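Asks: This structure is in structure tokens; I'll ask about it shortly.
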Amino acid sequence: MTNTNTKTSKPIPASVEANRAMFRDLGAANKAARAQKHADLIASQKALGLANREQRAISHAQLIEKQKAVGVANAPLKAQARQERIDAAAARNAQMSVEAAERKAARVAAHNDRNASMKKEVAAA
């Protein structure tokens, strides 16, 4: 059975049908080729992503090892700096204690002087 033109009810020539079939086949082949190309692209990106992930993991592990080594090397320096800070704070505290004791002694001496002068005034009166 041949296809007919719905407007004119005339049969569609076989050459036109063959042309349509050829373009349908080309379209399907194109669609399949594009789908395959896309699948290949995704697969290559996944493979590249896995390789990059492995490389990043290796780099991260190397960085952590390097940081650990630097931390171990810096530990004595950090301990020395901490001890220096503690010693400086202790010296400041001792100095402030001495200054506070001197101020207290000066206050007590001034108080004693006032008391002595007041006693002399009372005795003289």
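Asks: With respect to A110, determine if the residue is of a type outside the set (K, R) and open to solvent by less than 60 Å² (accessible area, probe 1.4 Å). Don't jump to the end; show me each part of the working.
Replies: Values: of a type outside the set (K, R): yes; open to solvent by less than 60 Å² (accessible area, probe 1.4 Å): yes.
Yes: the conditions hold for A110.
Asks: Kindly establish whether A81 is surrounded by fewer than 10 Cβ atoms within 10 Å (Cβ to Cβ), more than 23 Å from the chain's Cα centre (by Cα) and in a helix (DSSP H, G or I).
Replies: Judged against the criteria, A81 is not a match.
Asks: Can you say whether N93 is at pLDDT below 95, open to solvent by 80 Å² or more (accessible area, probe 1.4 Å) and not small (G, A, S), as far as the supplied structure shows?
Replies: Working: at pLDDT below 95: no; open to solvent by 80 Å² or more (accessible area, probe 1.4 Å): yes; not small (G, A, S): yes.
Criteria not met by N93.
Asks: Now for a different question. Run down S15, S9 and say which single residue is assigned to a loop (DSSP other than H, G, I, E, B) and either among the β-branched types (V, I, T) or open to solvent by 80 Å² or more (accessible area, probe 1.4 Å) (or both). Give the derivation first.
Replies: On the way: S15 fails: assigned to a loop (DSSP other than H, G, I, E, B).
The match here is S9.
Asks: May I pose another question? Restricting attention to region 29-78, report how many residues are surrounded by fewer than 10 Cβ atoms within 10 Å (Cβ to Cβ) and within 27 Å of the chain's Cα centre (by Cα).
Replies: 3
The values are calculated or read from the model by the stated rules, or taken from the named source; none is laboratory data. Nothing here was measured: the structure is a model prediction, and the numbers come from that model. Every residue, glycine among them, receives a Cβ derived from its backbone with ideal geometry; neighbour counts consider all protein chains shown. Quick note on the areas: whole protein, heavy atoms, side chains included, nothing else; ligands and nucleic acids left out. Shrake-Rupley method; radii C 1.70, N 1.55, O 1.52, S 1.80 Å.
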